[in-house]
Structure formats: structure tokens, C-alpha cells
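Notes for the one structure printed next.
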Amino acid sequence: MKPSYPIMESSAPSDAPSETVFPTQSLLATPFAALTHAELLAHFRQRDLDNYFPLSAGKAKHVAGAAPILDNQFTLNNETHRLGEKFDWLHNPSPDLEWLILLHKFYYSRDLALAYDCSGDDCYANKWVALVSSWIEHVPDGFVNSQVTGRRLQQWLLAYHYFVPGRQCSAITAEFLLALLGSIQSQAVFLSRNLTPQGNHRTIELSAIFAVALLFPELSQSAELLAFAQHELLANLREDILADGVQKELSTDYHHTVLKNFLRVRELADLNRLTLPVEFDAVMRKALEFSIYAHKPDGWLPAINDGDINSYLSLLRKAQRYYPSDALSYVLSQGEQGKPPVQRSRLFADSGYCILRSGWAERPYADGRYLFFDCGQLGFGSHGHYDLLSFEMAAYGRSLIVDPGRYTYHEYDSDGVNWRLAFKGTSAHNTVMVDGKDQIAYQCHEPVGPQPRAAVLIFESNQGFDFVHGRALSPRYEVEHQRSIFFAEAEYWIISDLLLASEAHRYEQFFHLAPEAQGQTERLEAEQGHGIQAPDLLIAQARRAEVATSLEPGWVSSEYGVKHPAPVLSFSQQCKGSGWFQTVLYPYKDSAPALHVEAISVTSLGQTVPATQALALIIRIQSETTTYHDCFFVAHQPGLSEYHFADVICRAQLVFIRRDAEDGILSVRAYAAEWLEIGGRKLLDSIGKPVCLNYAKGRLQIDAIDGSVPA
């Protein structure tokens with residue numbers, strides 16, 4: 001037996017006071033309440049369309065999309081059910097509540113409206129009227145929850161503008177129009193009394209109230225609703241957008257859902273000559289700035305936390321009308337217009353998101369290298385995945401290491417798998433798992449109890465390199481996970497993971513590859529190190545007997561309810577205490593270079609230091625045209641000691657040296673450095689004053705650093 005679902009009349013506790021109370025009055029304000037039904041129908045048919053969003057023309061694809069709906073066949077979240085002629089709106093034919101939620105959101109209104117616009121056939125208008133009339137008759141306000149009401153109102157308003165203003169649609173009678181307007185006002189008033197406390201749902205709900213009140217001044221409650229929505233929208237914007245411009249749920253997809261709804265508010269206000277506060281636009285510009293950086297060079301957005309894999313460039317094009325900027329023009333035109341953002345790479349300190357990019361001037365633009373590093377918390381609400389210190393990486397127009405997405409919000413396991421957990425858990429992300437445990441005990445909805453914490457300790461973006469160092473702590477185990485990412489010469493990444501502990505633990509490090517790598521992945525030759533060659537990507541670690549390597553089946557979900565097989569590379573080890581991994585991620589275009597990764601010893605005061613204190617690698621890269629011998633050193637422990645490795649002596653946290661095939665030095669990068677000597681040649685003597693050093697093309701530049709930690 002399929003489940004039915006209870007009515008949730010309020011998202012807040014039943015004893016919570018209403019945010020505003022509207023008196024019971026007639027449906028229409030003066031003088032419209034005095035008009036006859038026929039006069040009202042004529043009034044709404046004759047209204048101008050210039051105060052609503054521009055309507056796109058219907059096409060043949062909309063006629064095809066609407067055809068199944070005429071037969072009550074609904075495909076929602078990639079799951080199809082045919083409902084009876086007089087179906088029960090409160091019964092769910094699917095085990096997934098999201099299916100019923102989408103039925104009540106009425107997104108299919110758009111296909112019906114556009115099919116009518118394309119064909120002029122009244123059957124599509126008749127179906128919309130029948131569905132809306134049935135819903136009004138059988139469903140109380142508030143089913144299933146408030147955000148569903150907000151979405152439904154948005155869809156009803158869209159369809160209304162295809163069927164009523166400027167039309168003589170026979171399906172729209174005066175009686176239906178009054179019933180529609182009555183339900184729209186009733187639902188808007190319900191929302192004003194039952195708003196979701198915070199998050200993207202509240203934004204959607206307030207946006208719907210704002211639209212109803214602004215577009216229907218004839219309704220008796222519109223003036224009060226409009227004042228209420230204006231006040232609450234600004235408060236919602238202040239509350240939900242962090243100081244760095246990222247929406248507080250820390251989902252890239254829901255960030256843009258919120259941005260889209262606030263942009264609708266801005267657009268409707270502009271069309272209706274309504275002035276919004278200056279603060280509204282200031283916060284919107286910050287939110288757009290995050291979007292500019294978050295989009296990958298190929299125009300797609302990583303699905304960090306809940307959401308689908310989407311591109312929101314069309315939304316940014318719309319935003320450009322109201323918030324023009326050189327940076328927006330540059331990204332939208334792929335570098336053909338405008339000017340690039342001032343910073344190449346960027347830390348969004350309040351959210352903990354770091355985005356590392358190669359130069360904005362890359363040509364082709366889509367070939368740029370990109371890495372999104374998540375040093376943030378779980379995020380407000382229930383959309384956070386257990387993914388602290390995870391990342392996504394793209395290069396040369398392809399996503400190479402990916403966040404697998406969300407797949408579902410439902411836990412049913414007809415195939416024996418809780419897919420909500422499978423996509424939300426730590427092992428579904430590009431981070432390190434300790435003892436097979438998620439970073440927090442699994443909850444389908446909002447987390448309960450102490451939460452894991454993450455922080456950015458260092459962020460440095462300089463000539464020829466980026467360096468970010470983050471830390472994560474979980475309440476489920478004693479291990480402190482530190483991860484640093486070094487972006488070398490805007491070419492490849494070195495990831496250093498340090499797991500600090502006093503007790504025995506098992507550590508597993510995961511790299512989720514894109515579906516295109518399925519069946520196209522090979523292990524590296526033994527002399528190259530541990531790792532794999534995948535399409536456009538080499539992943540390698542120096543060989544260590546204690547580390548096991550495996551390639552396992554995994555999944556990537558690009559949209560709700562759809563998953564694609566994709567390989568997962570893992571490195572694992574059992575340690576009596578602390579452990580570490582150091583991984584080279586080398587993207588390539590067309591043909592793979594020969595890559596060799598080797599660990600070299602590091603000494604201090606004549607003693608070999610443990611890997612938990614400092615690590616050094618030799619990385620040899622040989623392509624058809626170039627040969628590089630790179631040397632990389634990173635010190636994990638605070639405080640500068642004098643270290644020796646290869647032919648280098650240094651007091652620094654980070655050193656990178658690139659040599660050519662003849663051992664000539666091509667570039668040197670160093671961070672938090674006081675002393676640097678290579679092959680007996682002193683490059684730096686700045687004892688007591690840590691600096692950032694860059695040497696390339698015969699030029700040496702030294703910049704002071706303040707050593708501060710981002711707030």
C-alpha cells in the first residue's frame with residue numbers, strides 16, 4: 001500500500017505567534033468589489049502585461065511535453081505515474097515524498113501554458129483549469145508545507161499570464177477566475193502566517209507573496225501583503241547571505257535558487273517602478289560575485305552539498321541587466337568582453353569556500369584549471385553533506401574529480417541501499433574517512449548533536465602558485481584532519497593530508513572520478529608510484545608499502561533520481577596513531593605525460609624528521625615537448641625549523657622548485673620563508689620576517705606576509 005501524507009499547516013510550532021494577522025474582508029478591494037463578474041473578467045483580460053516578466057513563446061517541444069499531462073500522466077523527478085481521472089491529491093503513488101511535492105508545485109503548468117501559446121488549442125487551457133479547480137476544491141492551504149505553496153503560487157502566476165491578460169481563452173470563466181484569485185490570496189495570506197523560519201524555503205515563500213501582492217493590487221489584502229513582503233525580504237537577505245556573499249545553507253545549487261528568487265523580486269520591482277533599499281542591491285552584488293568564481297571554466301557549477309549539476313549562466317545574464325559589471329561580462333562572454341575579476345583565486349572566508357583557478361586569460365577559456373575546496377561547515381538546515389575538506393576539480397573543459405551530487409532526499413531502500421546516506425556520507429566525497437565513520441552520525445534531515453567543524457588556516461594566492469591549508473575536527477573520533485592544497489604553476493595540484501591522532505585508526509582517502517572515466521581508467525606502472533591514469537587526469541602518490549590502492553565502483557548523480565556509474569579511487573592505511581597521504585593530481589590535454597612521483601627524506605639538526613612534521617617529493621614530468629623535475633616541500637608543524645632535503649636548505653613552510661632536463665632552475669616558490677639555499681646558492685636571508693618568494697624567468701620578487709589567519 002502506497003503511503004499518504006499528513007497536512008502540515010505550519011512550518012513553525014503550532015503555538016508560535018503569527019508574524020502578521022490580516023482581517024477577514026471581501027476578496028477584492030474598492031472599487032473592484034463593486035464590479036459584476038463579467039466586468040471583472042473583462043478587466044483582468046484587458047490588463048497590460050508590461051508589469052510581469054517577459055513571456056517566451058511556446059514551441060513544439062512544449063506541446064509534446066504537455067501531451068501526457070492531458071492524460072494525467074506525470075513524470076516528476078524522472079519517475080512516471082498515471083493518475084486516475086479524479087485522482088486523490090493527498091495520495092502519493094510513489095514511495096518518495098518528493099514526487100508528491102512536485103505534483104503540488106505545479107511545474108507542469110508551464111508546459112500546458114506554453115503548449116496553449118504555441119497551438120492555440122483550448123484543450124491545454126481546459127486541462128489547467130481542471131487541475132487548478134480540483135486542487136482548490138480538495139486541498140487545504142499548507143499541504144505539504146509552506147515552500148510548496150510558494151512554488152505553486154509562482155507557477156500559477158506564470159500560467160495565469162498566458163491564459164488571461166490579453167487573451168480571450170474560453171476556458172477562463174469569471175467563476176473560475178474568482179476562485180483562482182480567492183485561492184491565490186488565501187495561500188499568500190497563509191504563507192505570511194506560516195513562513196519557514198530561515199533558508200531558501202523562506203526566500204521562495206516571500207518572493208511568492210511579493211509577486212502576488214505586486215501583480216494583483218485588486219485583491220483586498222495586497223497592500224498589507226506587499227508591505228509585509230518588502231520588510232521580510234530584506235531581513236531574509238541580511239540573515240541568509242553571509243558576509244562573503246554565500247547563502248548560509250552552503251549549497252551551490254540552493255545559493256542560486258535563492259539568487260534567482262531575489263532577482264525575480266528585483267525584476268518585478270523594476271517593472272512596477274517600486275524602489276528597493278540600497279542594501280538589497282549591495283548584498284545581491286556579493287552573491288553574484290561568488291557565482292562568478294564558483295562556475296567552472298566550462299560554465300557548469302559543482303554540486304556542493306544538496307543539488308543537481310547545473311549551469312546558472314542564463315541567470316547571470318539576467319542579473320547583468322540589473323547589476324552590470326566587467327567581471328560578469330567577462331565570464332559570460334568567455335573572456336571576449338569586459339575585464340577579468342581582480343583576483344585569480346579567491347577565499348570566501350565566512351563560508352570556508354576556496355576556489356583556485358589558473359589565469360582568467362586562458363584560451364580557450366574552457367581549458368582553465370579549476371578547484372573548489374570546501375573548508376566550510378555543514379551549513380544551515382538539512383542540505384549539508386558530510387564532506388569537510390572535500391573538493392572538486394576540472395581542467396581542459398572537463399570535470400575530472402567530482403562531487404557525486406545528491407540523487408535523492410528519500411531513504412527507502414527497495415534495493416537494500418539507503419541512497420540518501422550513500423550520497424550524503426563522507427565516503428561519497430573527495431576527502432578522508434576515519435575508521436569507516438561519517439564525520440557526523442547520519443541523519444536524513446537536519447543534524448542532531450555536536451557537529452564537525454572546519455576552518456581555513458592559511459590562504460595564499462600569489463605569482464605562480466596558490467596554497468590553502470584547512471583543518472577539520474569531528475565529534476566522532478579524536479583525529480584532527482589537516483589538508484593543504486598547493487596549485488603549482490597554474491598546472492597541477494599537490495594535496496597533503498595529515499591525520500593527527502594518538503590511537504590506532506584506519507584512514508581511507510577517496511577520489512571520485514567523472515562518469516566518463518568508467519571503463520577508461522588504468523593503474524600506473526610501478527615505477528611511477530601508486531595511482532591511476534584516467535581520461536585527462538593522472539593521480540599519483542609515492543610508493544609506500546603500508547598504503548593500499550583500490551579502484552571501486554561508485555555513482556554520480558547529475559539530476560534528482562538519476563545516477564551514473566563512475567569509478568572511485570581510494571588509498572587506505574592502518575596506523576597506530578597519526579597518518580598521512582600526499583597526492584599529485586596532474587590534468588592533461590590530449591596525451592598524458594610520463595609522470596613519476598618519489599618521496600625524499602627531510603632532515604633537521606641531522607635527524608630524519610617524521611612525515612607528520614614535514615614531507616618532500618620529487619615529481620618528474622616528461623611530455624613530448626618539455627621535461628620538468630619539480631621538488632616540493634611542506635612543513636606541517638607550526639614554528640620554523642631548518643630543514644634539509646635534496647640540495648636545499650630552508651626555513652620555510654613551503655618550497656617548490658622547478659628545474660628543466662639539464663637541472664637548470666626555472667622557477668622557485670616559497671611561502672612563510674626566512675632562509676632558502678639551493679645547491680649552495682643563497683636566495684633568501686630574512687630571519688625573523690617570514691616572506692613569500694617568487695623566482696621565475698630570472699626575476700626574483702619577495703613580498704611580506706602578515707601571517708594572519710582568516711576570520
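Worth a mention:
- What you get for segment 237-370, charging only the Cβ of Lys and Arg (+1) and of Asp and Glu (-1), is a dipole of about 360 debye around the Cα centre.
- From the coordinates shown, Rg/Rh (Cα atoms, Kirkwood Rh) corresponds to which of [x] 1.44; [y] 0.98; [z] 1.03: [z]
- Once the Cβ-Cβ distance of ILE136 and GLN337 is raised to the sixth power relative to R0 = 41 Å, the FRET efficiency obtained is 0.25.
- Once backbone amide H atoms are built at 1.01 Å from N, SER390 has ASP374 as its partners under 5 Å, excluding neighbours fewer than 5 places away on the same chain.
- Loop-resident trypsin sites (Lys or Arg not before Pro) (DSSP state other than H, G, I, E or B) in segment 260-346 with no more than 14 further Cβ atoms inside 10 Å of their Cβ: ARG273.
- Look at THR431, THR603 and count the other Cβ atoms within 10 Å of each Cβ; fewest to most, that gives THR603, THR431.
- Looking at segment 63-152, the GluC sites (Glu not before Pro) that sit in a DSSP loop and have at most 16 other Cβ atoms within 10 Å of their own Cβ are GLU85.
- Among GLU677, GLU392, a tally of other beta-carbon atoms within 10 Å of each Cβ gives an order, fewest to most, of GLU677, GLU392.
- In plain terms, the C-alpha convex hull of segment 600-711 casts an average shadow of 8.1 nm² when viewed from every direction.
- Derived scalar couplings between HN and Hα for segment 368-383 equal x, 8, 8, 9, 9, 10, 9, 9, x, 7, 5, x, 5, x, 10, 8 Hz in order, rounded to whole Hz, by the Karplus curve 6.51 cos²θ - 1.76 cosθ + 1.60 (θ = phi - 60°), x for Gly and Pro.
- Nearest 10 degrees, 0 to 90: helix 252-271 Cα axis against the chain principal axis: 50
- Three-way shape label, segment 252-400, alpha-carbon gyration tensor, a/c 1.5: oblate
- Spatially, segment 65-112 and segment 576-590 are offset by 47 Å when compared through their Cα centroids.
- Residues whose placed amide H lies under 5 Å from that of TRP555, excluding near-sequence neighbours: ALA566
- Relative contact order, whole percent, for segment 44-196 stands at 29, derived from Cα pairs under 8 Å and 6 or more residues apart.
- Taken one residue at a time, the phi angles of segment 526-532 give Karplus couplings (6.51, -1.76, 1.60, θ = phi - 60°) of 4, 6, 7, x, 6, x, 9 Hz. Gly and Pro are set to x.
- Cα-based helix-to-principal-axis angle, 313-322 vs the chain, degrees rounded to 10: 70
- Overall form of segment 498-546: oblate. Here a/c, set by the Cα gyration tensor axes a ≥ b ≥ c, is 1.5 or more, and a/b is not larger than b/c.
- Modelled label reach - ASN418, point 7 Å along Cα→Cβ, segment 446-482 residues with backbone N closer than 14 Å: 446-448
- Computed from Cα positions, the angle between helix 37-46 and the longest principal axis of the chain comes to roughly 40 degrees.
- Packing-based exposure ordering (other Cβ within 10 Å, fewest first) of ASP350, ASP663: ASP663, ASP350
- Estimated distance in nm for a label pair at LEU500 and GLN574, the labels positioned 7 Å out from Cα along Cα-to-Cβ: 2.6
- For the chain, relative contact order (Cα pairs under 8 Å, six or more residues apart, normalised by length) works out to 8 percent.
- ³J(HN,Hα) computed for each position of segment 573-589 - Karplus, 6.51 cos²θ - 1.76 cosθ + 1.60, integer Hz, glycine/proline x: 7, 9, 10, 6, x, 6, x, 7, 9, 9, 10, 9, 10, 10, x, 9, 10
- Which listed pairs, of LYS318/LYS339; LYS248/LYS424; LYS318/LYS563; LYS260/LYS296; LYS589/LYS697; LYS61/LYS105, have C-alpha distances above 23 Å, in listed order: LYS318/LYS563; LYS589/LYS697
- Whether segment 44-196 is rounded, prolate or oblate, judged on the alpha carbon gyration tensor where a/c under 1.5 counts as rounded: oblate
- Relative contact order (%) - criterion: Cα under 8 Å, at least six apart; region: segment 173-298: 24
Read the figures in this text as sums done on the coordinates, not as results from a lab. Nothing here was measured: the structure is a model prediction, and the numbers come from that model. Note: ideal-geometry Cβ built from the backbone for every residue, glycine included; neighbour counts use all protein chains shown.
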